[in-house]
1. For the condition over 20 Å from T67 (Cβ atoms) and in contact with a helix residue (DSSP H, G or I) (Cβ under 7 Å, 6 or more places away or on another chain), what is the one hit in G204, G179, G209?
2. Quick one: what pairs do we get from segment 215-240, first residue without any contact (Cβ under 8 Å) to a residue 40 or more places away in the chain and more than 15 Å from V49 (Cβ to Cβ), second of a type in the set (A, V, I, L, M, F, W, C) and assigned to a helix (DSSP H, G or I), C-beta under 9 Å, 6+ apart or different chains?
3. Restricting to segment 37-84, name every residue that is modelled with pLDDT under 90 and either part of a helix (DSSP H, G or I) or on the phi > 0 side of the Ramachandran plot (or both).
4. What is the one condition in (1) out of contact with any Lys or Arg (no Cβ under 6 Å at 6 or more places or on another chain); (2) more than 13 Å from L19 (Cα to Cα); (3) modelled with pLDDT under 80; (4) of a type in the set (S, T, Y) that S221 does not satisfy?
5. How about segment 254-263: which of its residues are at pLDDT 75 or above and out of contact with any Gly (no Cβ under 6 Å at 6 or more places or on another chain)?
6. On the given criteria, is W168 in a helix (DSSP H, G or I) and modelled with pLDDT of 90 or more?
7. Within segment 284-299, how many residues turn out to be of a type outside the set (D, E, K, R) and modelled with pLDDT under 75?
8. Only one of these conditions is not met by A108: (1) modelled with pLDDT under 90; (2) of a type outside the set (F, W, Y); (3) crowded, with 23+ Cβ neighbours inside 10 Å. Which number is it?
Amino acid sequence: MQQRLTLRTAGLLTLPPMLWAGNAVVGRVMSGLVPPITLNFLRWAIALVLLLPLAGWVLRSGSPLWTHWKRYAVLGLLGVGCYNALQYLALKTSTPLNVTLVAASMPAWMLGLGALFFGQRITGRQLLGATMSIAGVLVVLSRGAWDVLLQVRLVPGDFFVLLATAAWSVYSWLLVRPGDPPELRNDWAAFLLAQMVFGLGWSGLFAAGEWIAGPQHIAWSWPVVAALAYIAIGPAVLAYRSWGLGVQRVGPNIAGFFSNLTPLFAALLSAAFLGELPHAYHAVAFALIVGGIVVSSRR
C-alpha cells in the first residue's frame with residue numbers, strides 16, 4: 001500500500017539522483033577509456049560480487065528466484081541491462097545538455113505509462129507538479145537564459161536517452177506490482193541480487209555484441225578502477241536500493257519527480273569541478289523542482 005510522502009522517504013528518493021549525477025559525470029569522463037556497454041557490464045559485475053556475501057543464498061537451487069525467473073529477467077533487462085548501458089552510450093555520442101534535456105521527460109513517462117498500462121489516474125496536481133519540475137530542469141539547462149534552449153539540436157544519440165528513460169519508467173512501475181516472494185521482497189540485498197543475476201547476463205550479452213561489432217579497448221589505470229568502484233557501489237547498489245524502497249512507499253508517479261533533481265545535482269557537481277560558485281538560477285530551479293514534488297505528492 002502506498003504511503004504519504006514523508007521526510008525519510010524524500011531522503012531515500014533524493015539520494016539516487018545525487019549519485020546518478022555523479023554517475024553521469026564519471027560516465028562522460030570514462031567515455032574514451034572504457035566502451036560504454038562494457039562499462040555497464042563491469043559496473044554490475046562488481047556490484048554482484050559485493051552483494052554475494054549478503055544474499056548469496058538467492059543463487060541456490062531451491063531459491064524462489066528460479067520459480068519467478070521471468071519477472072526478474074524482465075526487471076534485470078530494463079533496470080540493469082538497458083538503462084545505464086543506454087545512458088553511457090548516449091554520453092559517448094551526444095552532448096550532456098541534450099542527454100539531460102531528454103531525460104527530463106521522466107515524470108511525463110511515469111504518468112503516461114501508469115495511465116495507459118497500470119490503471120493509474122492522473123490528477124491535476126500531478127500535471128501541475130510535472131510542469132513545475134520540468135520547468136526547473138529547463139532553468140538549469142538554459143542557465144537562466146532561455147535563448148540557450150533554442151540552440152539545442154537533437155542528434156541520434158539522444159534516441160538512446162529516450163529509450164533509457166522509457167525503460168526506467170516501466171522498471172519503476174513493475175517494482176510496485178505484486179508477484180515477488182516474501183523471501184526476496186523483504187530482503188533488499190536478495191531482491192537486488194535477483195535482478196542482477198539476469199541483468200548481468202543481459203549486459204554481458206550486449207557487451208559481447210559491442211566487441212564483436214568492432215575493435216574495442218580498455219585503458220586500465222587507477223583512476224579507471226576508482227571510477228568503476230564508485231559507479232558499482234554508489235549509483236548501482238546504494239541508489240537502486242534507495243530508489244526501490246522509495247518507489248514501493250509512494251509509487252512511481254511521485255518518485256518520478258525526484259529524478260529531475262539529477263540535472264540540478266549534475267550542474268552543481270560540474271560547477272564544483274570547475275571551481276565556479278552556484279548561481280541564482282540554481283536556486284530558482286531547486287525551488288521549481290521541489291515545488292513540483294510537493295504539489296504532486298499532496299493528497
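The values are calculated or read from the model by the stated rules, or taken from the named source; none is laboratory data. In this text, all values refer to a predicted model and were calculated from it rather than measured experimentally. Methodologically, a virtual Cβ is constructed for each residue, glycine included, from the backbone with ideal geometry; neighbour enumeration extends over all protein chains shown.
1. Exactly one residue qualifies, and that residue is G204.
2. From segment 215-240, the pairs are P223/V29.
3. Result: Y83, N84.
4. The single condition S221 does not satisfy is (3).
5. Listed by number, the residues that qualify are I254, G256, F258, S259, L261, T262.
6. Judged against the criteria, W168 is not a match.
7. Residues that pass the stated criteria total 9.
8. So A108 meets the others, but not (3).
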